[in-house]
């Protein structure tokens, strides 16, 4: 009797909040493996960010392979809110110096997003940067998405081989990694 190939385990994502604000995401099953899977994760995160009041300002999230306290079976890690670009919760220079995350996200609430289409309202946006090591032939990869308050995706793009300085979001995320 031949063994049947097992179906690939899915990536499961659950958002969590503290004090009414988006604090991050629990990742279960397995980590996204491709740029497209990370883009799908970003789309879900942007949909969550479009919920009024859940994300008060642009916030950076990092991919962490550490587990939460008392994790559910199958939990593989977290994508945690790290801070903002400005204000009291701004990330200090060198914040990621001790531990380079496998990826960074930036989520922009509707109040800080210009919709891709002028007839849309309540649109949140975001970017995921998957840093590479270009001198070893591993390109930087990134994805961008927008979604409105109903959860409808209004824009979605992914690219490999990007130069982080060509986009404001990837430039700031790359700077945070390099500082």
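The values are calculated or read from the model by the stated rules, or taken from the named source; none is laboratory data. Please read these numbers as outputs of a predicted model, since none were measured by experiment. Don't worry about glycine lacking a Cβ; one is built from the backbone with ideal geometry, like all the others, and counts go over all protein chains shown.
Observations on the model:
- Segment 44-94 - residue that is part of a loop (DSSP other than H, G, I, E, B), in contact (Cβ under 8 Å) with a residue 60 or more places away in the chain and under 17 Å from the mean Cα position of the chain (by Cα) and, of those, surrounded by the most Cβ atoms within 10 Å (Cβ to Cβ): 50
- Test result for residue 106, outside any helix (DSSP H, G or I), surrounded by 17 or more Cβ atoms within 10 Å (Cβ to Cβ) and at pLDDT below 95: no
- Filter result (farther than 20 Å from residue 60 by Cα and out of contact with any strand residue (DSSP E or B) (no Cβ under 7 Å at 6 or more places or on another chain)) within segment 111-121: 118, 119, 121
- Any hit, segment 17-30, residues being assigned to a loop (DSSP other than H, G, I, E, B), out of contact with any strand residue (DSSP E or B) (no Cβ under 8 Å at 6 or more places or on another chain) and modelled with pLDDT of 90 or more: yes
- Where residue 41 falls short, out of the listed (1) assigned to a helix (DSSP H, G or I); (2) surrounded by fewer than 21 Cβ atoms within 10 Å (Cβ to Cβ): (2)
- Here residue 115 does not qualify as surrounded by fewer than 19 Cβ atoms within 10 Å (Cβ to Cβ) and modelled with pLDDT of 90 or more.
- For segment 160-179, the candidate set comprises residues that are in contact with a strand residue (DSSP E or B) (Cβ under 6 Å, 6 or more places away or on another chain) and in contact (Cβ under 8 Å) with a residue 24 or more places away in the chain; within that set, the residue that is farthest from residue 52 (Cα to Cα) is 160.
- Put simply, of 132, 143 the only residue that is surrounded by fewer than 17 Cβ atoms within 10 Å (Cβ to Cβ) and within 25 Å of residue 36 (Cα to Cα) is 132.
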